[in-house]
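The values are calculated or read from the model by the stated rules, or taken from the named source; none is laboratory data. A quick note: this is a predicted structure, and the numbers were derived from the prediction, not measured. Don't worry about glycine lacking a Cβ; one is built from the backbone with ideal geometry, like all the others, and counts go over all protein chains shown. The accessibility values were calculated without ligands, DNA or RNA, using every heavy atom of the protein model including side chains. Shrake-Rupley method; radii C 1.70, N 1.55, O 1.52, S 1.80 Å.
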Amino acid sequence: MIFYALLLLIMLSLFFISYKYPRLDKACSLAILAILVLVGGLRDRIGWDYNSYTNWYLKGTRDDSVEFGFLFIMKIFRYLHLDYKLLFFTFSFFTYLFAYLAIKKYTKKRSLPLLLYFLIPVLFLYSFTYIRQYLSVTLAFYAFTFLVDKKYITYVFLMIMGISLHYSCLIPFIIFFLIYRYEDSIKNYHLYILIVISFIISQIGVIYWLSLLLQDSHYLYYVSSEAIPVPLLKLLIMNVMGFLVIKYFDKEGFQNDYQRYLLLFYVCSIFFLNIFSESRELTRVYIYFRIFEIILVADIIRYSIRNRKFLLIGFILCFYILPYFRAIKIDSESTLKDEFKFIPYKSLLFKIS
């Protein structure tokens, strides 16, 4: 826990430096990126799927049932006789790199969105585990900038890369295009309605119907009686945050062409979280859309600091910092073998042979 607390302190310090001295924002953002790469890429035996990915790479245990892009990458690494640890580092490096490149295109002020990326457990901490999907998430995050710029071939190419790593990327591939095409017909009051209706559905439940639909699929586990639901308190707070973000942009408007799309994607994340809240595994699709939150909320934080909205600042701090430490605490109390937990953090840099 001490390691992650110190890491957070360093990240916050870099943000405050960038806020106090705007000319240093690029340097601070690159420093944050370097820390993300070093911490995420040089981890040693950390993450729930670490052992399964290691066995998979060394023994080919799932080669016949995996997306072709990931299999292609593994085959190259095997052919070159590269260590599986380099595979982890490579995926981590490109995951955070694409997040950084996307942030760079969405906003000129990069340090705060990167800090939020670090703070949201489902973006940074859990990237230690779901390495294929998380690279797919940041690829999609970056790819959308090309769709807005009407560079359709680049957009499709990047999204196909994402799909080749994790089939779930097909969902944002379709939704990104639909929202890009029909954004003008979606009003903000539609977003409020969507959040309310999806929250009501979350309390009614859809697991039973999904179990019928997926009964012959290997995805049945995600909707079985073993599925772990999203805590109601988290659901409520996420929905409140959604209302707050919509209200802010209702009042302040959008500063560039991107932000309207980003708001719609962010509301999609709340929709998917609500709809699939009975199964935490199924909600993983919402990560493709929640990542846009880091751009939107960064604007709200700057506005709050500039206008001394201390109550709002306090709420946002609690919204991010409490879940960050809660995720680490939950991991430390899990029944996993100690060697695969986030705590204690173990780095290849300090490994004693």
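The residue pairs whose first member lies in segment 226-246 and is open to solvent by less than 10 Å² (accessible area, probe 1.4 Å), whose second member is part of a loop (DSSP other than H, G, I, E, B), and whose beta carbons are closer than 6 Å, counting only pairs six or more residues apart or on different chains, are LEU235/SER277.
Listed conditions (1) part of a helix (DSSP H, G or I); (2) on the phi > 0 side of the Ramachandran plot; (3) of a type in the set (D, E, K, R) are all met by ARG181, apart from (2). Assess whether ILE103 counts as being modelled with pLDDT of 90 or more and more than 30 Å from ILE295 (Cα to Cα). In short, no. Of all residue pairs spaced 6 or more apart or on separate chains, those with beta-carbon atoms under 7 Å, a first member in segment 61-88 that is farther than 24 Å from ARG43 by Cα and a second member that is surrounded by fewer than 16 Cβ atoms within 10 Å (Cβ to Cβ) and modelled with pLDDT of 90 or more are GLU67/TYR167.
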